[in-house]
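Beneath this line is the structure, given in structure tokens, with notes to follow.
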Amino acid sequence: GSRSGELTRSTKTHDFRAGEPFDFVIDSLPPNSRCYYRLTYELNGSKIESDEYSFHTQRAPGEAFVFTVQADSHLDENTSGDVYLQTLANALADQPDFHFALGDTFMTGKYVQPELSEPQYLAQRYYLGHLCHSSALYFALGNHDGENGNRGSNVWATNTRKRYIPNPQPNSFYTGNDQSERGVGLPENYYQFEWGGCQFVVLDPFRYTTTRSRGGNNDNWYWTLGEHQYQWLKRSLEQSNAGLRFVFLHHLVGGSDRNQRGGVEAAPFWEWGGKSASGKDEFRQHRPGWAKPIHQLLVEHGVDIVFHGHDHMFIKQDLDGIVYQLVPQPGHPRSGTKSAEEYGYMNGEIQGSSGFVRVRTDGHSARVDYVRTYLPEAERGNQQNGDVTYSYVIEAQEVTRKR
């Protein structure tokens, strides 16, 4: 319904089995509107109703809204579940229309057998469910999520992700990967959409990287989006008239070393920037027939922010009119920046985790905030939960659209 407490429509009734997710498709909703809902079900003859939640349909251009971003939630020995839940509660208080998670979420690649990681998918549904009952979730793959193209079969990991954390498929609203794979169908690994005069693009640097490093830091040309994803990205940017543009991925394609670290210092190299380790431009040699390196493509089409994870801090940097925004962890109990120099970060605003990135935008400008998370026992005078410890504003760029 369109008003809290006045729910006037219902979906068809379905029978469920325990442990089997089910996707509801709710269509014919009013545009640019907040919609309220609850889940009603029967168990052993008793009728049970969930709390009432809400979500927002596509914003009109010029309409102000909020979205939030996290990265590297891990759920490993360095994660505090209480800190993670507090981060999600802080984000929920901002009523974001949607929330991006930039990978290293399921840690599938850390297990001896991928199937042993299934409880981690269920755990992430529990955690993310504290926010995403009222905020759409958009997921970008990380290097530990078990879908790398150079590590054997990724069929189980892809199907398990799709089962528990579905991503967009191409339709009348989203564009994305339209190539079906054996045993998987559409992999739901990269996609884009527009909302409130903004374009949102999610990339996957893992699936089409089908070879491994030969060691050292001198040849990361083997990292790639793959030609199909690259050409799709190029078309997506060319065909959009959005005022602001945001790109999301776990780490840059190539990075600064064999562990793919870095932000603007890594951006000039490999498929992302076109140069080899020597500084020589070798893009045409290594990517014959491709128009230009990814960074140059993003510059040409006025991309405003590249959100990336992988390096576990908040670091804001600028290059050629693009903000490279490293997104912090949401659940790490200790804050630190000692690894920044080791990972190749030589400049920018550098702060430790934990927290999330909040963006308020109307399609013409955007304010980006780093919102910190502290449990009550960690709070002190200048360190309070929900503090904003860094902010900046971007304005829409004047670029030629739809070339």
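Bear in mind these aren't lab numbers, they're just calculated from the coordinates by the rules spelled out. Note that the structure is a prediction, hence the values are computed from the model and not measured. Cβ atoms come from the backbone with ideal geometry, glycine included; neighbour counts cover every protein chain shown.
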Can you give me the angle between helix 81-93 and the longest principal axis of the chain, using Cα atoms only, in degrees from 0 to 90, rounded to the nearest 10? 80 degrees
Using Cβ contacts closer than 10 Å as the measure, can you line up GLU188, GLU265, GLU398 from fewest to most? GLU398, GLU265, GLU188
Nearest-ten-degree value, helix 118-132 long axis tilted from longest Cα axis of the chain: 70 degrees
Simple spin-label estimate for ASN259 and ALA277 in nanometres, 7 Å along Cα-Cβ: 1.7 nm
Relative to the Cα centre, what is the charge dipole magnitude of the chain, using +1 at the beta carbon of each Lys and Arg, -1 at the beta carbon of each Asp and Glu, and rounding to the nearest 20 debye? 700 debye
Per-residue HN-Hα couplings for the range 314-324, Karplus 6.51 cos²θ - 1.76 cosθ + 1.60 at θ = phi - 60°, whole Hz, x for Gly and Pro? 9, 9, 9, 9, 10, 8, 6, x, 10, 7, 9
Among beta bridges assigned by DSSP with both residues in the chain, the antiparallel ones amount in percent, to the nearest 5, to 70 percent
GNM, the chain, Cα, under 10 Å: largest mean-square fluctuation among GLY344, GLY254, GLY45? GLY45
Roughly what angle does helix 227-238 make with the longest principal axis of the chain, taking Cα atoms, 0 to 90 degrees, to the nearest 10? 80 degrees
Can you give the Rg and Dmax of the range 60-395 based on its C-alpha atoms, in angstrom? 18.7, 57
Between the range 288-320 and the range 180-249, the Cα center-to-center distance that results, in Å: 12 Å
Within the set LYS110/LYS338; LYS292/LYS338; LYS110/LYS292; LYS110/LYS280; LYS110/LYS162; LYS12/LYS47, which residue pairs have Cα atoms separated by over 26 Å? LYS292/LYS338; LYS110/LYS292; LYS110/LYS280
Which one of GLY274, PHE200, GLY386 is farthest out on the positive end of the charge dipole of the chain, using unit charges on Cβ (Lys, Arg +1; Asp, Glu -1) and the Cα centre as origin? GLY274
When LEU116, LEU233 are ordered from fewest to most other Cβ atoms inside 10 Å of their Cβ, what list results? LEU116, LEU233
Farthest toward the dipole's positive end in the range 1-57, which of PHE16, LEU43, SER2, given Cβ charges of +1 (Lys, Arg) and -1 (Asp, Glu) about the Cα centre? SER2
For ILE315, ILE26, what ranking results if the residue with the fewest other Cβ atoms within 10 Å of its Cβ goes first? ILE26, ILE315
Using 16 Å as the cut-off for backbone N distance, which residues of the range 138-174 belong to the label zone defined by a point 7 Å from the Cα of GLU115 along Cα→Cβ? 153-161
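Would you compute, from DSSP H runs of 4+ residues alone, the mean residue ellipticity of the chain at 222 nm, taking -39500 (n - 2.57) per run and dividing by the full residue count, rounded to the nearest 500?
Calculated mean residue ellipticity at 222 nm is -4500 deg cm²/dmol.
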With a Förster distance of 51 angstrom and the Cβ-Cβ distance between HIS286 and TYR53, calculated FRET efficiency to the nearest 0.05 equals 0.60
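Please say if the range 24-111 is rounded, prolate or oblate, where rounded means a/c under 1.5 for a ≥ b ≥ c the square roots of the C-alpha gyration tensor eigenvalues, and otherwise the choice is prolate for a/b larger than b/c and oblate otherwise? Display every interim value, and only then the final one.
Working: a/c = 2.11, a/b = 1.22, b/c = 1.73.
Here the range 24-111 falls in the oblate category.
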Select from the range 1-106 those chymotrypsin sites (Phe, Trp or Tyr not before Pro) which occupy a DSSP coil region and have at most 11 other Cβ atoms within 10 Å, ordered by residue number. PHE16, PHE22, PHE24
Rounded, prolate or oblate: which fits the range 118-215, taking a ≥ b ≥ c as square roots of the Cα gyration tensor eigenvalues, rounded meaning a/c under 1.5, else prolate when a/b beats b/c? oblate
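Express the relative contact order of the chain as a whole percentage, based on alpha carbon pairs under 8 Å and six or more residues apart in sequence.
So the answer I get is 16 percent.
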